[in-house]
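A short write-up of the structure that comes next.
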Amino acid sequence: MAGFLSHLVQHWRILPLIIVLGLGSGLPYGYHISVVSSSSLFVKDFINQTWIKRYGSAVPQETITLLWSTAISLYSLGGLMGSLVSAYLSRRFGKRRSQIFSDLLGITGSLCLCISKIVGLYETIFVGRFLYGFTAGLAINIYVQYLGEISPHNLRGFINTSAPIFVTSGKLFGQLVGLREVLGTATLWPWMLSLCGFAQLLQLIVMNFYPETPPYLILVKKDQDRCIKAMRRIWGPGDYQSEMKEILSVQEMYKKSKSMTVMELVRDPSQRWQLYVLIVITVTLQMSGISAIFYYARSIFLTAGLPPEKIPYISLGMGSFELMAVILSSVTTGRCRRKVLLLGSYGCMAMMLAGLTVTLTLSGWASWMPYFSAVLVFFFIFFYGLGPGTLTVAVIIEISNHTSRAAVFVIIGGLNWIGLYVIGMVFPYVEAVLGHYCFLIFFGNLVASGTFLFFFLPETKGKTIQQIATDFNRWNFKNKKCQQPIEFSTSL
């Protein structure tokens, strides 16, 4: 811990940048995941009142459901589109200017949501949700790449896991402001939906005073002087020749000076197993059961006999529990092996799901059984935050190199947004058919993914990009004796 604190003090200049990036990119992503449920009743009522003013009659229930579902799906559609263009924008304009562009879109979307009630047009909610989704898809991809490219070696694990802290904080913040004592009222709901615009305005202002990432400056702009100046601006005084040589070694290793396109990444045999592993990690994050747990939590707590009006506050406790786990994981990641912590969390989550299936089946056998189910829910959320909720992003950043990272995030970002949409559309039907036995699907996915990663995911802690690539090339070039990359001695 003393060594970690000394490194943090040494690189103190990077802390304000991490905070601003988290507030402007990570927090809004998590915020809009949770705040949508708090605002649903108010938005539906606003749509109904607007419909009455226009057509003189109340909106049919199936129409209002369709309009609200459209608002929900437009966010996912915007997120998918923003994710898909993130690679092009980061290659063409760099990470910093792409981040500024996403802030401008986010502020515009925030204004649309804020003025929707004033102008009496529910269509502005659709525009705002789409723009916010596009901003989220673009910003989260650029954000985590920016973090990965500005991280000094001795703080790489901590900085790469800071993104989930802000995303989880955003979820918790959305639950908090959704309470009726804060902004969850028929009068203040437009402010609740648009609140994150202030954080993006802050990021828009501050990012103008920070440089582009060092890898982009040296690999794309071919400017070593600006690269060194950027390192000193972000990390503090120092020589940083070894760090610059490591960045250049990636260019030599893959014979590329610019970022790969998605098709180049898919066709590159030296990236094949990295891509397989990244896809499995991303799909497992979506299919871990966390969405189902949050969906089912209300019925579990109702079965336990808890008053319905207290459940929003208990949900706030669930969010706090996840944030606590994410912070704990962020602090311990630098000292723990990534693979052990990730697979251990998968195993614990699988056990919680198995136990939850049993306790829900036997809920009528004993009065204390529903309370035991609630405990399992909290521990499932804790292990999710400790493992995949935090480490997925860190492992993705460490496995992907500077030339492939933008294309990697297009692929996993697309999978992530498609997964969110599919789970939101399909899970209610699956739950209606299988009931609480639907948790067995997520149990099987965790076991299968954990087994795959046990054999094919190398440990990344303390390794350079070249050393990680060498580990993967045992599978990429299993039947070939050549095409092995040079392994450099630079240590992370």
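Using the Karplus equation 6.51 cos²θ - 1.76 cosθ + 1.60 (θ = phi - 60°), what ³J(HN,Hα) coupling, rounded to whole Hz, does each residue of region 433-449 give in order, writing x for Gly and Pro?
Working through the residues one at a time gives 7, 9, x, 6, 6, 4, 5, 5, 5, 5, 4, x, 5, 5, 5, 5, 5 Hz.
Quick check: residue separation of LEU41 and VAL266 times 0.36 nm, minus the Cα distance between them. What number comes out in nm? All intermediate terms of the calculation are to be shown ahead of the outcome.
Working: separation 225, 0.36 × 225 = 81.00 nm, distance 4.39 nm.
The LEU41-VAL266 span can extend by a further 76.6 nm.
For the chain, what is the relative contact order in percent, using Cα pairs closer than 8 Å and at least 6 residues apart in sequence? Walk me through the numbers before you get to the answer.
Details: 703 pairs, mean separation 105.6, N = 492.
Rounded, it is 21 percent for the chain.
Could you work out the longest stretch of the chain that avoids the trypsin sites (Lys or Arg not before Pro) located in DSSP loops with at most 15 other Cβ atoms within 10 Å?
Answer from the scan: 14-179.
Suppose a student asked you for the relative contact order of region 318-426, using Cα pairs under 8 Å spaced at least 6 residues apart; what percent would you report?
37 percent
For region 321-426, run through the chymotrypsin sites (Phe, Trp or Tyr not before Pro) and keep only the ones in DSSP coil with at most 13 other Cβ atoms within 10 Å of their Cβ.
Details: sites: PHE321, TYR346, TRP365, TRP368, TYR371, PHE372, PHE378, PHE379, PHE380, PHE382, PHE383, TYR384, PHE409, TRP417, TYR421; in loops: TRP365, TRP368.
Those satisfying the criteria are TRP365, TRP368.
Provide the per residue accessible area, probe 1.4 Å, for the chain, rounded to a whole number of square angstrom.
On the way: 20700 Å² over 492 residues.
That works out to 42 Å² for each residue.
Please work out the FRET efficiency for the pair VAL447 and HIS153, using the Cβ-Cβ distance as r and a Förster radius of 41 Å; give the result to the nearest 0.05. Each step should come with its number before you reach the end.
Values: r = 35 Å, r/R0 = 0.84.
The computed FRET efficiency comes out at 0.75.
How much FRET efficiency would the formula 1/(1 + (r/R0)^6) give for GLU309 and GLN61, where r is the Cβ-Cβ distance and R0 is 25 Å, rounded to 0.05?
Working: r = 25 Å, r/R0 = 1.00.
About 0.50, to the nearest 0.05.
Compute the FRET efficiency between LEU202 and PHE93 as 1/(1 + (r/R0)^6), taking r as their Cβ-Cβ distance and R0 = 22 Å, and round to the nearest 0.05. Please report the intermediate quantities before stating the final value.
On the way: r = 21 Å, r/R0 = 0.96.
According to the calculation, E is roughly 0.55.
Could you tell me the relative contact order of region 61-148? Use alpha-carbon pairs under 8 Å, at least six residues apart, and round to a whole percent. Numbers along the way, then the final one.
Details: 108 pairs, mean separation 41.1, N = 88.
Relative contact order comes out at 47 percent.
If you take the C-alpha gyration tensor of the chain, multiply each eigenvalue by 5 and take the square root, what semi-axes do you get, largest first, in whole Å?
Values: eigenvalues 292, 159, 84 Å².
Equivalent-ellipsoid dimensions as semi-axes: 38, 28, 20 Å.
Please compute P(r) over all alpha-carbon pairs of region 1-151, binned at 5 Å starting from zero, and give each bin as a whole-number percent.
Binned Cα distances yield the sequence 2, 9, 16, 18, 15, 11, 9, 8, 5, 3, 2, 1, 1, 0.
Step through the table entries LYS245/LYS478; LYS44/LYS171; LYS171/LYS221, compare each Cα-Cα distance with 26 Å, and write down the pairs that go over it. Could the numbers behind the result be given before it?
On the way: LYS245/LYS478 29 Å; LYS44/LYS171 22 Å; LYS171/LYS221 38 Å.
From the list (LYS245/LYS478; LYS44/LYS171; LYS171/LYS221), the Cα-Cα distance tops 26 Å for LYS245/LYS478; LYS171/LYS221.
Report the paramagnetic label zone for TYR276: residues of region 315-342 whose backbone N is under 19 Å from a point 7 Å from Cα along the Cα-to-Cβ axis.
So the set is 339.
Per DSSP helix of 4 or more residues, -39500 (n - 2.57); summed, then divided by the residues of the chain. What does that give at 222 nm, rounded to the nearest 500?
Values: 22 runs with 374 residues, N = 492.
One gets -25500 deg cm²/dmol as the mean residue ellipticity at 222 nm.
What are the aspartates and glutamates whose alpha-carbon lies under 15 Å from the alpha-carbon of LYS310, with same-chain residues fewer than 8 places away excluded?
GLU181
The values are calculated or read from the model by the stated rules, or taken from the named source; none is laboratory data. None of the values given here were measured: they were computed from a predicted structure. We place every Cβ from the backbone using ideal geometry, glycine too, and count neighbours over all the protein chains shown. For the accessible areas, the whole protein counts, side chains as well, though only heavy atoms, and no ligand, DNA or RNA atoms are used. Shrake-Rupley method; radii C 1.70, N 1.55, O 1.52, S 1.80 Å.
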